[in-house]
Amino acid sequence: MKMSLCNSVQTRKNVQNYNVFKGDKFLNLGSPGFLLLYSLFLTVIFSCYMLHFPFSPILKFASKQDSAPPTNSLQIINHSQPADYSRSDCDLLNGSWVLEEKGNSLYYTNFSCPTIPYSKNCLLNGRADEDFMQWRWKPEECTLPRFNAKTFLTFVKGKTMAFIGDSLARNHMESLLCILSSEESPTDTYKDVEDKFRTWLFPRHNFTLMVLRTEFLVFATERVINGSFTGGFDLHLDKLNGNWTQHLPNIDYVIFSDGHWFLRPNYLYENGNLIGCVYCGEAGVQDLGPGYTIRRAFQAAFNYINKCVECSGIVVLLRTFSAGQFEQGAWNEGGFCNRTRPYTRDEVKIGDQDWEFRSIQIEEIERARKDGEKNGNMFEIVDVTRAMLMRPDGHPGAYWGNKWMKGYSDCIHWCLPGPIDTWNEFLQEILTRKFPNFH
């Protein structure tokens, strides 16, 4: 659903509505009141026209570090021009971010979707620039189709889809919830005490959308020393968290999303015995690294699904690692993210730890795919790592409305609306390619 930028701007500024029709004198066409009203009407129409059909796109970059990219790296999408449609053999990973004409790119606004959480409503929290909402991912050899809420809801009619993982899984689900709400208003049917498990129903399509929070997939308990929580966890790599596994028999589509919590100082157990740690720095305990832990956690989850008789026929998608993008320090060291444009492809470094985590996830999904074919299970990848490494401008940063940790920036989650909406374009395209009836 294309949202008019004129409507978005008017909503964002929270323009007050005044009752101009007071008294019968305004019914007199020759009265000053009527002439004033008519003049205001023409002014509003002209302003909306200018906002919706600008003569040329203007890019504003905040500082030298955000200087404009080379001309050959910037494209403008014009929807009046014929599009090169998606091909099933097109590599979605190889591409760049291009600027759309204003008013064409938004599926919803920060006010039109009532389910946007306050911490992701960046405009409401004071972010002034808006260009971060206008960039779309463009594969080199084709066009990534825009998300079609009507088509998506028709395809998943009578089904259940669950996002399982950390807070980025929730962020992803909230984006999909907003996009689908343009076609049908959902009903909030369940929320647990901690708001970690949430269920929405689209009654007209009998489609259930869930989010099941689990930071590690495996069973974990937070470490306590002298009565105080340390921020680290004991992870039992051979035991899954039953809070999410119990729901699997009732799920048709599951999207996994986990990674960032594995970067904490965690202790690893198997058969009840300590086998190593991650970033613990403790003498006599081998540091196995976060990559090892991520691999073991996804192995355990996928092995369980493929051995689950009641889960036969389930479609499993894994959204690859989306890196945090703090600059000048970590989140608790003054790190921030205040860029106002995407990186070009040449500005992104590929091959560091973020890419390692992505590679591990792809290896494990490929392993699970071979085993899953026996039970009719399908395993696929929603590969967003490269695309999101190029979007340091899409995070809430300082604009997340945090009252308890002022001065800290959020450079992990994504603004709504924002670049994360592209994850659902990837999701729809992958389902389209795998299911011929997804049209």
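For this structure, a couple of remarks:
- Among the GluC sites (Glu not before Pro) found in region 281-372, those both in a DSSP coil and sparsely packed, with 14 or fewer other Cβ atoms within 10 Å of their Cβ, are E282, E333.
- Summing Lys and Arg as +1 and Asp and Glu as -1 over all other residues whose Cβ lies under 13 Å from the Cβ of R198 gives a net charge of -1.
- Calculated FRET efficiency, N437 to Y304, Cβ-Cβ distance, R0 = 30 Å: about 0.55 to the nearest 0.05.
- Global form of region 254-309, assessed from the alpha-carbon gyration tensor, a/c cut-off 1.5: oblate
- The H on the amide N of K239, modeled in the peptide plane, is under 5 Å from the matching H of F219, each at least 5 residues off or on a different chain.
- R198, R386, R367, R391, ranked by accessible area, largest first (probe 1.4 Å): R367, R386, R198, R391
- Mean-position separation - Cα centroids, region 417-438 and region 360-381, in angstrom: 19 Å
- Summing +1 for each Lys or Arg and -1 for each Asp or Glu among the other residues whose beta-carbon sits under 12 angstrom from that of R213 gives -2.
- Cross-link reach list, aspartates and glutamates versus K406, counting only Cα pairs under 15 Å and skipping chain neighbours closer than eight places: E333
- Relative contact order (percent, whole number), region 359-439, Cα cutoff 8 Å, 6+ residue spacing: 21 percent
- Protection proxy ranking of 107-119, 406-418, by the mean of other Cβ atoms within 10 Å over each peptide's residues and highest first, is 406-418, 107-119.
- K349 paired with K196, simple spin-label distance in nm, labels 7 Å along Cα-to-beta-carbon: 3.4 nm
- Rolling a 1.4 Å probe across all protein chains gives K138 an accessible area of roughly 40 Å².
- Gap separating the Cα centres of region 390-413 and region 161-190, nearest whole Å: 21 Å
- Accessible solvent surface per residue of region 91-192, calculated while the other protein chains remain in place, 1.4 angstrom probe, Å²: 32 Å²
- Of the residues T189, T160, the one with the largest accessible area comes first in the ranking T189, T160, computed with a 1.4 Å probe on protein heavy atoms.
- 10 °C / 1.306 mPa s Stokes-Einstein diffusion coefficient of region 188-248, Kirkwood radius on C-alpha pairs, µm²/s: 116 µm²/s
The values are calculated or read from the model by the stated rules, or taken from the named source; none is laboratory data. Everything numeric here is computed off the predicted structure, so don't read it as measured data. Every residue, glycine as well, gets a Cβ built from its backbone with ideal geometry; the counts of neighbours run over all protein chains shown. The protein model used for the area step is the full one, side chains on, heavy atoms only, and it has no ligands, DNA or RNA in it. Shrake-Rupley method; radii C 1.70, N 1.55, O 1.52, S 1.80 Å.
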